[in-house]
Amino acid sequence: MIQTKATAGIAWMISATVLYTAANLCVKSLAHLPTEELVFLRSATSLILAGSWLLWKGKSLLGVNRKWLLIRGIFGTIGLATFFHTIRFIPLASATVIQYLSPIFTVLLAARFDGQRGMRPVQWVFFGLAFLGVLMVKGFDPRISWLYLGLGITSAICAAVAYLATMKCRDTDHPVGVVIWFHLVAVPVTGTWTAFTWVPPVGHEWLLALAVGVLSILAQVAMTHALHRGEANVVMPFKYLGAILAFVFGLLLFDERLNAYALAGMTLVIASLITNTLYKRYRSKKMGALVS
């Protein structure tokens, strides 16, 4: 039963990663629009879809665990805004790799605030290597300034807090009810800001903006299901598959080339997280065998 639950969580996380990558490609195509406008368009579309679904099902828009839902909304908004800003100005693969430090922070927060098991010494080595990989991506790519590295790490930390809030609501609120709080915060905040900086999308850009919202809410629901069905230290590392997808499609669609050192850094990040996942699963099986 535990194994089935873990497998379901991983499957949901992989689905979320593919959907998020597709949404980020749309954002990259709209990089000439202001960051706050991109966040507003994405959140407004998602709010309409999520709100309509909850009303149709007769569920409350405000949910139950409102303290953690509000935390999820605030930090989710900050994390998304900083991430979208990095997508606009640095290669998509690099922005993705930096932001994907969030699983590390999520595991740390889950151990502290959600009662999940903490990391063993060898896992600190794995995560240290992941950080080293991110520094390699930054250090060997002149397009990535310390500002954008800082924004990327800020996005990762905020995303981790949002993921923790999602886990704290897993027993009280429906996944769509958790998702909608992000948009309840993001729409008024970015909408007010956008009113002073609005740049009208043209032609097919409206379709791309709509796609960002639709793909994102599907990804958020999938992510919420993943966190509800599996432990953070098992499912979160599978987000790193998004770095590979971002590199491939960034190269094919936007001719975003990375040098060998930056690619080595990406590889180090992904390898470290995969190794940590395999180690964690090995430890879980070993402990299960001892108990039985």
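The values are calculated or read from the model by the stated rules, or taken from the named source; none is laboratory data. The shown structure was predicted, so the numbers you read here are calculated from the model rather than taken from an experiment. Methodologically, a virtual Cβ is constructed for each residue, glycine included, from the backbone with ideal geometry; neighbour enumeration extends over all protein chains shown. Only protein heavy atoms, including side chains, enter the accessible area calculation; ligands, DNA and RNA are left aside. Shrake-Rupley method; radii C 1.70, N 1.55, O 1.52, S 1.80 Å.
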(request) Only Lys, Arg, Asp and Glu count, each charged at its Cβ (+1, +1, -1, -1), so figure out the dipole size of the chain about its Cα centre, rounded to 20 debye. (result) 1080 debye
(request) About the Cα centre of the stretch 17-128, how large is the charge dipole given +1 on each Lys and Arg Cβ and -1 on each Asp and Glu Cβ? Please answer in debye to the nearest 20. (result) 380 debye
(message) As a test of reading the structure, rank Phe254, Phe182 by solvent-accessible area (1.4 Å probe, protein chains only), most first.
(response) Phe254, Phe182
(request) Go ahead and run the numbers for FRET between Arg112 and Phe140, Cβ-Cβ distance against an R0 of 35 Å, rounding to 0.05. (result) 0.55
(request) Calculate, for Ala195 and Thr7, the FRET efficiency according to 1/(1 + (r/R0)^6) with r their C-beta to C-beta distance and R0 41 Å; round to the nearest 0.05. (result) 0.35
(message) Over the chain, how many pairs of lysines fall under 17 Å by alpha carbon, counting only those 8 or more apart in sequence or from different chains?
(response) 4
(message) Using the alpha carbons of the chain, what is the convex hull volume per residue in cubic angstrom, as a whole number?
(response) 126 Å³
(request) With a 1.4 Å probe and every protein chain left in place, tell me how much accessible area Tyr261 has, in Å² to the nearest 10. (result) 140 Å²
(message) At 1.4 Å probe size, put Ile87, Ile78, Ile48 in order of accessible surface, largest to smallest.
(response) Ile48, Ile78, Ile87
(message) Using the Cα centre of the stretch 1-150 as origin and beta-carbon charges of +1 (Lys, Arg) and -1 (Asp, Glu), tell me which of Val18, Gly150, Leu62 is placed farthest towards the positive end of the dipole.
(response) Leu62
(request) Take every Cα pair under 8 Å in the stretch 99-242 that's 6+ residues apart, average their separations, divide by the length, and report that relative contact order as a whole percent. (result) 40 percent
(message) Helix check for the chain. Which DSSP H runs span at least 18 Å along their own axis by Cα, with a mean Kyte-Doolittle hydropathy no less than 1.0?
(response) 121-139, 146-168, 175-194, 205-229, 241-254
(request) Report Thr77's accessible area, 1.4 Å probe, all protein chains in place, as a number in Å² to the nearest 10. (result) 10 Å²
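Rounded to the nearest 500 deg cm²/dmol, what is the calculated helix-only ellipticity per residue at 222 nm for the chain, with -39500 (n - 2.57) per DSSP H run of length n ≥ 4? Present the calculation step by step, with values, prior to reporting the outcome.
On the way: 12 runs with 231 residues, N = 292.
Dividing the helical sum by the residues of the chain leaves -27000 deg cm²/dmol.
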(request) Give, as ranges by residue number, the residues of the stretch 7-50 whose backbone N falls under 19 Å from the point 7 Å along Cα→Cβ of Phe89. (result) 27-40
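Relative to the compact globular guide of 2.2 N^0.38 Å, what is the alpha carbon radius of gyration of the stretch 172-225, as a ratio?
Compactness ratio reported: 1.36.
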(message) At a threshold of 8 angstrom on Cα-Cα distance, excluding pairs fewer than six apart, so keeping six or more, what relative contact order does the chain reach in percent?
(response) 41 percent
(request) Could you calculate the contour length gain from His32 to Tyr282, that is, 0.36 nm times the residue separation minus the distance between their Cα atoms, to one decimal place in nm? (result) 85.4 nm
